[in-house]
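The values are calculated or read from the model by the stated rules, or taken from the named source; none is laboratory data. What you see is a predicted model, and the numbers here were worked out from it, not measured in a lab. So basically every Cβ, Gly included, is an ideal-geometry build from the backbone, and we count neighbours across all protein chains shown.
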Amino acid sequence: MSESHRAEELRRRMLERRAVVGVLGLGYVGLPLALAFSRQGFPVLGFDVDAAKVEELEAGRSYIGHIDDGEIATARAAGFQATADPARLVEADASCSACRRR
């Protein structure tokens with residue numbers, strides 16, 4: 001498959017809201033970003049190295065005070081997934097990083 005064909009396929013998947021959006025870092029910037037993509041109809045794969053955060057999100061619970069559990073549950077029902085497994089990052093068609101440098 002040529003590069004231009006891959007780009008056109010990605011464009012089509014984005015327009016159809018079928019492209020999986022990866023968000024790296026699910027803290028105070030990344031989680032709201034992931035939820036915004038989910039509200040726009042995209043399947044979202046959120047990644048964080050903090051397994052406790054991932055566990056809370058996968059259980060439908062928020063660990064950030066201004067984001068209620070209902071927002072997480074709605075996103076989960078729409079296909080939002082959280083993971084601490086870096087091998088899953090290849091599932092994303094496009095990704096953005098919301099991680100701070102250390």
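May I ask you to list the residues in segment 28-42 that are within 17 Å of residue 68 (Cβ to Cβ) and in a loop (DSSP other than H, G, I, E, B)?
Within segment 28-42, 28 is the sole residue that qualifies.
If you take the residues of segment 34-54 that are within 17 Å of residue 87 (Cα to Cα) and of a type in the set (D, E, K, R), which of them is surrounded by the fewest Cβ atoms within 10 Å (Cβ to Cβ)? Please lay out each step first, then the result.
We begin by selecting, within segment 34-54, every residue within 17 Å of residue 87 (Cα to Cα); these are 44-51, 54.
Then keep just the ones that are of a type in the set (D, E, K, R); that gives 48, 50.
On the way: 48: 22, 50: 13.
Per the stated criteria, the residue is 50.
Take segment 32-50 and flag every residue that is closer than 12 Å to residue 96 by Cα and either in contact with a Leu (Cβ under 7 Å, 6 or more places away or on another chain) or touching a residue at least 24 places away in the same chain (Cβ under 8 Å) (or both).
Step one: filter segment 32-50 for residues closer than 12 Å to residue 96 by Cα, giving 33-34, 37, 44-47.
Across segment 32-50, the qualifying residues are 33, 34, 44, 45, 46, 47.
Tell me, which residue of segment 4-25 that is part of a loop (DSSP other than H, G, I, E, B) and touching a Phe, Trp or Tyr at 6+ places or on another chain (Cβ under 7 Å) is surrounded by the most Cβ atoms within 10 Å (Cβ to Cβ)? Explain how you work it out, then say what you get.
To start, the set of residues in segment 4-25 that are part of a loop (DSSP other than H, G, I, E, B) comprises 16-20, 25.
Within this subset, residues satisfying the condition of being touching a Phe, Trp or Tyr at 6+ places or on another chain (Cβ under 7 Å) are 17, 19.
On the way: 17: 12, 19: 19.
The residue in question is 19.
Of everything in segment 66-80, what is surrounded by 15 or more Cβ atoms within 10 Å (Cβ to Cβ) and of a type in the set (Asp, Glu)? Give them in sequence order.
Selection gives 71 alone.
Those residues that are farther than 16 Å from residue 48 by Cβ and not in a helix (DSSP H, G or I), I need them from segment 68-100; list them, please.
Initial filter on segment 68-100 (farther than 16 Å from residue 48 by Cβ): 68-71, 73-74, 77-79, 90, 93-94.
68, 78, 79, 93, 94 - these are the residues of segment 68-100 that are farther than 16 Å from residue 48 by Cβ and not in a helix (DSSP H, G or I).
Just to be sure before I move on: is residue 19 of a type outside the set (S, T, N, Q), at pLDDT below 95 and farther than 21 Å from residue 69 by Cα in the structure I sent? Spell out the reasoning first.
Working: of a type outside the set (S, T, N, Q): yes; at pLDDT below 95: no; farther than 21 Å from residue 69 by Cα: yes.
So residue 19 fails the test.
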